[in-house]
Amino acid sequence: MSKKLYFDAKGLSLLNYKFEIRDEAGNVCYKAATVTESLTRHNAKLFDAYDNEIIKVSQQKKLTLSAMNFDLLNSAGQIVCEAIQKVKFVTFTYDLKPLDINIAGNFIKMTFDFTRNGQPVAHVRKKFMAWGDCYEVEMEGPSLEVIFLASVLIFQLVLAAQRRRLSAQREEF
C-alpha cells in the first residue's frame, strides 16, 4: 500500500526553515527544522509530533569540491547511514549507505526517486504553487519513512546552500 505525507514550510528565515509533516487526513505526524551553523555547515532535525528528536541530518566535515555529503544520526548520536552525493549538471544522486538506497533527482523538475536494489520505494516532488518549500512524499510502506523524510531535509539543505551562494555572488557584483 502506498502512503503519502506532505512536508509543508511553516516558518522561514534567510538561513533556517521549519516544517510540519502531515498525513493525508491533515494530522501532524512530524516536525522538522533546518539549522545553519555557518555559511558552510548545514544541519537539520526531524521530530515526532510531540517535539522529540528522531533523527539529525548533519553535513559531513569532509571537504569535497562540490558535493554535500551528510550523516543521518539517531537520537543517541549514532550514525544510521551516510548520504553520499554524486554531482552531475542539474541531476544528482545520493547513495544511502549501508541501506542500499539510491536517490536520483533533478533540481529543475524538483522530483526525486528512491530505489532499493533497483526497485522503486519512494518518490518526492516539490509542490509548486505553494507558499514556501513544500514537498509530497509517496512511499511504499512505513519501514523507511524516517529515512525518506530525512532525505527531504537533505534536499532542502542543498537548495538553501545554492540560494546562499547565488545571493553572495549577486552581492559581489
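The values are calculated or read from the model by the stated rules, or taken from the named source; none is laboratory data. None of these values were measured; they are calculated from a predicted model. Cβ atoms come from the backbone with ideal geometry, glycine included; neighbour counts cover every protein chain shown. Remember, those area values only see protein heavy atoms, side chains included, never the ligands or the DNA or RNA. Shrake-Rupley method; radii C 1.70, N 1.55, O 1.52, S 1.80 Å.
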**Report entry** Every residue from segment 135-173 that is more than 17 Å from D95 (Cβ to Cβ), at pLDDT 85 or above and not in a helix (DSSP H, G or I)
**Finding:** Y135, E136, V137, E138, M139, E140, S143
Query raised in the report: Does at least one position in segment 102-113 carry a residue that is hydrophobic (A, V, I, L, M, F, W, C), in contact with an Asp or Glu (Cβ under 6 Å, 6 or more places away or on another chain) and within 19 Å of F70 (Cβ to Cβ)?
Result: yes
Query raised in the report: Hey, does segment 91-103 have a residue that's of a type in the set (V, I, T), open to solvent by 40 Å² or more (accessible area, probe 1.4 Å) and farther than 17 Å from Q156 by Cβ?
Result: yes
Query raised in the report: Restricting attention to segment 105-127, which residues are open to solvent by 40 Å² or more (accessible area, probe 1.4 Å) and either closer than 16 Å to L5 by Cα or charged (D, E, K, R) (or both)?
Result: K109, T111, D113, R116, H123, R125, K127
Query - segment 33-49 residues that are farther than 12 Å from F19 by Cβ, paired with ones that are modelled with pLDDT under 70 and aliphatic (A, V, I, L, M) (beta carbon under 6 Å, 6 or more apart) - result: T36/L15
